[in-house]
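Report on the following structure.
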Amino acid sequence: MENLQNITIRSASVGTMDNNVYVLTDKDTGAQVLIDAADDFAAIQRLLAEGAADARVPAKLELVITTHSHWDHVRALAETAAATGARTAAGTEDIGDIEVPTVLALEHGDRVPFGGAELEALKLRGHTPGSVALLYREPDAPAHLFTGDSLFPGGLGNTQKDPERFASLYRDVFERIFEYLPDDTVVHPGHGAGTTLGAERPHLAEWKERGW
């Protein structure tokens with residue numbers, strides 16, 4: 001658990017693909033956002049309950065954001081949406097590949113409020129056409145970036161050795177993340193351990209040269 005000034009971030013690794021699911025809770029209002037209902041609704045429920053304990057008022061899951069449409073990131077989406085009544089959101093181009101109806105179509109630069117907090121959608125095209133990262137800016141502290149499968153420690157997401165898809169993803173990650181955010185930004189990926197932009201920045205040229 002990460003206890004920030006205005007929100008808490010709780011996470012769990014779920015399912016056979018070790019997907020990371022994240023619950024953000026606004027302390028003052030109890031508003032919650034779930035990023036990637038990947039699998040294991042019972043584990044998601046535990047995260048929501050633990051996050052609710054962080055809030056000063058009763059908590060409620062308001063929104064489930066899917067970073068991209070791949071099957072391993074949506075296995076618990078239908079159950080979560082049905083049980084909680086939360087709205088759903090995803091990048092516009094990926095909505096047609098998600099079986100659960102999506103209420104909110106995200107475009108690059110969209111601001112997504114929850115309680116007194118806010119996430120910014122950053123479109124990172126390449127892993128899927130509509131992949132999005134979600135940026136939370138912490139007052140007077142490092143920002144937090146939830147990158148789905150577009151950026152990991154050590155490289156970019158899988159583009160199936162397609163040069164055009166890799167070029168698109170590299171361009172978006174370079175321009176919309178590394179040129180936009182400082183080195184102390186904390187990266188929370190869709191699988192595995194986190195990192196910072198500062199730790200990854202020296203390797204950008206290497207990633208571009210190798211093409212993955």
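The values are calculated or read from the model by the stated rules, or taken from the named source; none is laboratory data. All of these numbers come straight from a predicted model, not from anything done at the bench. Here the Cβ positions follow ideal geometry from the backbone for every residue, glycine too, while neighbour counts run over all protein chains shown.
Structure summary
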| read-out | value |
| --- | --- |
| Tally of residues being loosely packed, with under 13 Cβ neighbours inside 10 Å and acidic (Asp, Glu) across segment 159-182 | 3 |
| Set ASP172, ASP162, ASP140: member being acidic (Asp, Glu), at pLDDT below 95 and more than 15 Å from the chain's Cα centre (by Cα) | ASP140 |
| Segment 47-68 residues that are farther than 30 Å from GLY130 by Cα, paired with ones that are acidic (Asp, Glu) and part of a loop (DSSP other than H, G, I, E, B) (beta carbon under 8 Å, 6 or more apart) | ALA55/ASP28; ARG56/ASP28; VAL57/ASP28 |
| Residue within segment 84-97 that is in a loop (DSSP other than H, G, I, E, B), over 23 Å from PHE41 (Cα atoms), free of Cβ contacts under 8 Å to residues at least 60 places away in the same chain and not polar (S, T, N, Q) present | no |
| Residue satisfying condition, being within 21 Å of LEU61 (Cα to Cα) and of a type in the set (Gly, Ala, Ser), within set GLY211, GLY115, GLY109, GLY154 | GLY115 |
| Residues located in segment 101-112, provided they are surrounded by fewer than 17 Cβ atoms within 10 Å (Cβ to Cβ), free of Cβ contacts under 8 Å to residues at least 40 places away in the same chain and at negative phi | PRO101, VAL103, ALA105, GLU107, ARG111 |
| Options LEU145, LEU204, LEU156; residue that is surrounded by 13 or more Cβ atoms within 10 Å (Cβ to Cβ) and either in contact with a Pro (Cβ under 9 Å, 6 or more places away or on another chain) or within 30 Å of THR29 (Cα to Cα) (or both) | LEU145 |
| Selection status of GLY115, surrounded by 15 or more Cβ atoms within 10 Å (Cβ to Cβ) and at positive phi | yes |
| Residue match in segment 92-104 (condition: of a type outside the set (Phe, Trp, Tyr), in contact with a Leu (Cβ under 6 Å, 6 or more places away or on another chain) and within 24 Å of PHE178 (Cα to Cα)) | no |
